[in-house]
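Student: The structure follows.
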Amino acid sequence: MKTFLSLGVAAVLLAASPNLEANKTYSPLPAIVFTGKTVFIENSTGDATLQHSVYMELARWGRFVLAESRDKADIVLAISGPSSVRVVSASESASGYPQARSDAPVEPVIPAGFTRISVVDPKSGKTLWFSQNKTDLSKSRTAFLDGLRDAMERQESGHRQK
């Protein structure tokens, strides 16, 4: 009986998986992501190899040119992880620890073993889009921008179909 039930559940999941993929929804990307030409990579993980991997993916993709600073970029790709670091000014610290700020935006928690790639507006600092992927150091690191590429392709193909 358990085997029959397991086979039934497996069959239902296999049959439903294409439908789940077809019903996958993406939040629309802002126009600046499509019109932007330059990108700055902002790495707050402390891992230079992650930044290099994102840089190499951008170079292979060929959609954006790397900007030398945040101020010269149309968009910012922010890389963060569970142990991301941020700059704390001397005026912001008390006894070596940052003071709690009630006006500070609450950043979503990134689980251990994951990396988040966020598209950020360099002028406002607002996160426009993000994707979170498992960071598997034993495998090739070439999937960090897959979520962004997929979202852009889906949105562009949706505009073409209308």
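Student: Scan the stretch 100-107 and give yes if some residue there is loosely packed, with under 11 Cβ neighbours inside 10 Å, among the acidic types (Asp, Glu), over 22 Å from GLY46 (Cβ atoms) and modelled with pLDDT of 80 or more, otherwise no. Full working, then the answer.
Tutor: If we filter the stretch 100-107 for residues that are loosely packed, with under 11 Cβ neighbours inside 10 Å, which is where we start, we get 100-106.
Imposing the further condition that a residue be among the acidic types (Asp, Glu) reduces the set to 103.
Filter once more, keeping what is over 22 Å from GLY46 (Cβ atoms): 103.
Now drop any that are not modelled with pLDDT of 80 or more, which leaves none.
No, the stretch 100-107 contains no residue that is loosely packed, with under 11 Cβ neighbours inside 10 Å, among the acidic types (Asp, Glu), over 22 Å from GLY46 (Cβ atoms) and modelled with pLDDT of 80 or more.
Student: Restricting attention to the stretch 50-77, which residues are more than 16 Å from the chain's Cα centre (by Cα) and acidic (Asp, Glu)?
Tutor: Hits for the stretch 50-77 are GLU68, ASP71, ASP74.
Student: Can you give me the number of residues within the stretch 114-162 that are in a loop (DSSP other than H, G, I, E, B) and modelled with pLDDT of 75 or more? It would help to see each step written out before you state the result.
Tutor: In the first step, residues of the stretch 114-162 are kept if they are in a loop (DSSP other than H, G, I, E, B); the result is 121-126, 135-145, 162.
Still in the running and modelled with pLDDT of 75 or more: 121-126, 144-145.
Looking only at that region, the number is 8.
The values are calculated or read from the model by the stated rules, or taken from the named source; none is laboratory data. Bear in mind that the values here come from a model prediction, so they are computed numbers and not experimental data. Because the Cβ atoms are built from the backbone with ideal geometry, glycine has one as well, and the counts that use them run over all protein chains shown.
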